[in-house]
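Okay, structure first, notes after.
The values are calculated or read from the model by the stated rules, or taken from the named source; none is laboratory data. None of the values given here were measured: they were computed from a predicted structure. Here Cβ is always computed from backbone atoms with ideal geometry, including for glycine, and neighbour counts include all displayed protein chains. These area figures cover heavy atoms from the full protein model, side chains too; ligands, DNA and RNA do not enter into them. Shrake-Rupley method; radii C 1.70, N 1.55, O 1.52, S 1.80 Å.
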Amino acid sequence: MDKYTISVLVENNAGVLSRIAGLFSRRGYNIESLSVGVTEDSKISRMTICGFADEQTLEQIKKQLNKLIEVIKVVQLASENSVYRELAMIKVKADDASRASIAAMANIFRANIIDVSPESLTLEVTGDEGKIDAFINLMKPYGIIELLRTGTAAIQRGENGI
């Protein structure tokens, strides 16, 4: 199975996300990552759906999505022609001895310290999945208190939209 990323333009109506998630659920397709947000047109939202599937299953997923009335367009994004980003917020244990080294690693990864408390630092980092994974692995030895990831958002390179 290969990893896929599809971008889906949908009508910005209540229940659309539920119908799309239900489509995946009913057919036993797992969603690895899902991000949704309104586009430049407030009547349209864009979903970025990532998962693993063989070629035949992916074609079925795209066909099933295209059958939904609220779906405007489905495009499979090719990694070589697309830009991927994810946001992670990581709260790590930080005492006086560890703060400087955590801040140095955050600087290398262009992460931002967004909250400071006497016993912890909260950092935000954006990038592709590999960068996020690498940063999380570096933070583990300090003790991750809490972690969240937004899921992948992706867009095609160049001037053309989907």
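Could you tell me whether segment 114-128 includes any residue that is more than 25 Å from S82 (Cβ to Cβ) and within 18 Å of the chain's Cα centre (by Cα)?
The answer is yes, given that some residue of segment 114-128 is more than 25 Å from S82 (Cβ to Cβ) and within 18 Å of the chain's Cα centre (by Cα).
Do any strands (runs of 3 or more DSSP E) entirely within segment 65-117 hold 3 or more residues that are open to solvent by 80 Å² or more (accessible area, probe 1.4 Å) and under 21 Å from R46 (Cβ atoms), and if so, which?
71-76
Which one of these does G161 not meet: (1) part of a strand (DSSP E or B); (2) open to solvent by 50 Å² or more (accessible area, probe 1.4 Å)?
Here G161 clears every test but (1).
Against the condition open to solvent by less than 80 Å² (accessible area, probe 1.4 Å), under 29 Å from V36 (Cα atoms), among the polar types (S, T, N, Q) and in contact with a Leu (Cβ under 7 Å, 6 or more places away or on another chain), how does T126 come out, does it pass?
yes
N30 versus (1) in a helix (DSSP H, G or I); (2) more than 30 Å from E159 (Cβ to Cβ); (3) open to solvent by 90 Å² or more (accessible area, probe 1.4 Å): which is the lone unmet condition?
(1)
Is segment 3-13 home to any residue that is open to solvent by less than 90 Å² (accessible area, probe 1.4 Å), touching a Cys at 6+ places or on another chain (Cβ under 8 Å), aromatic (F, W, Y) and not in a helix (DSSP H, G or I)?
Scanning segment 3-13 turns up at least one residue that is open to solvent by less than 90 Å² (accessible area, probe 1.4 Å), touching a Cys at 6+ places or on another chain (Cβ under 8 Å), aromatic (F, W, Y) and not in a helix (DSSP H, G or I).
So, of the residues in segment 45-61 that are in contact with a Lys or Arg (Cβ under 9 Å, 6 or more places away or on another chain) and either under 22 Å from R85 (Cβ atoms) or not β-branched (V, I, T) (or both), which turns out to be most open to solvent (accessible area, probe 1.4 Å)?
F52
Tally time: how many residues in segment 125-155 are out of contact with any helix residue (DSSP H, G or I) (no Cβ under 6 Å at 6 or more places or on another chain), within 30 Å of V74 (Cα to Cα), not acidic (D, E) and not in a helix (DSSP H, G or I)?
10
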